[in-house]
Amino acid sequence: MPRSPRSTRAEYPYLLEIPTRWSDNDVYGHVNNVVYYSFFDTLVNQFLIKNSVLDINDGDLIGLVVETNCQYFAPVAFPKTIVGGLRTAHIGNSSVRYEIGVFDGGNEAIAEGFFVHVYVDRQTRKPTPLPAPLRATLETIAKVHNPET
C-alpha cells in the first residue's frame, strides 16, 4: 500500500515546540513510537488550554480519545526539540478529528497522525454538542481543502 505524501509545516496553522526527554529514547536509540501519542496529546491540549476552551480541572466538558493513528517516516532521538503541527480535519456535532504533523528541523513531517476526540459531559460521559467558543477556536485551525487534490 503506497504512503501518502508527507505534509509540510505550512499545512498546519498551529505549531508548538516540544522538547524530547531522556526517557523518550528506547533501546534502539530513537524516540519510541508510543511517545508520539504523548506529543499529540500535549499539542492538542496545550492549544485548547491556551485558547481558554478547555478547563482540565473544573470544566463540564471533556474530550475522550476514541480513535488514533500514526505513520512514521524518519526517526528522531533525544536531545532534540521537535515541532508539532496541528489542524482540524473534521468538526462534528460532538467530535473533532485532529491531524498532527511532527517535524525535526525540516519542512517535511517525520511523522503524521490523527486522533478523534468525542466531547462528553464530565459527569455522565454522554456526548455533548461542542460549545460555540470551542467550535470557533477549532475552526481557526481547520484544514484547507484544495479542490485540485
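What follows is calculated from the coordinates using simple rules that are stated; it is not laboratory data. Please read these numbers as outputs of a predicted model, since none were measured by experiment. As a convention, Cβ positions derive from the backbone with ideal geometry for all residues, glycine included, and neighbour counts pool all protein chains shown.
Put simply, when 4-14, 100-110, 119-129 are sorted by average Cβ atoms within 10 angstrom per residue, most first, you get 100-110, 4-14, 119-129. Assuming charge only on the beta carbon of Lys and Arg (+1) and of Asp and Glu (-1), the dipole of the range 62-149 about its Cα centre is about 420 debye to the nearest 20.
Each of 105, 62, 19 was placed along the dipole of the chain (beta-carbon charges, centred on the mean Cα), and the one lying farthest toward the positive end is 62. Computed about its Cα centre, the charge dipole of the chain is approximately 120 debye, with only Lys, Arg, Asp and Glu carrying charge at their Cβ.
For the chain, the alpha carbon positions stretch 43, 42, 29 Å along the principal axes, listed from largest to smallest. Expressed to the nearest 5 percent, the antiparallel share of DSSP beta bridges inside the chain is 95 percent.
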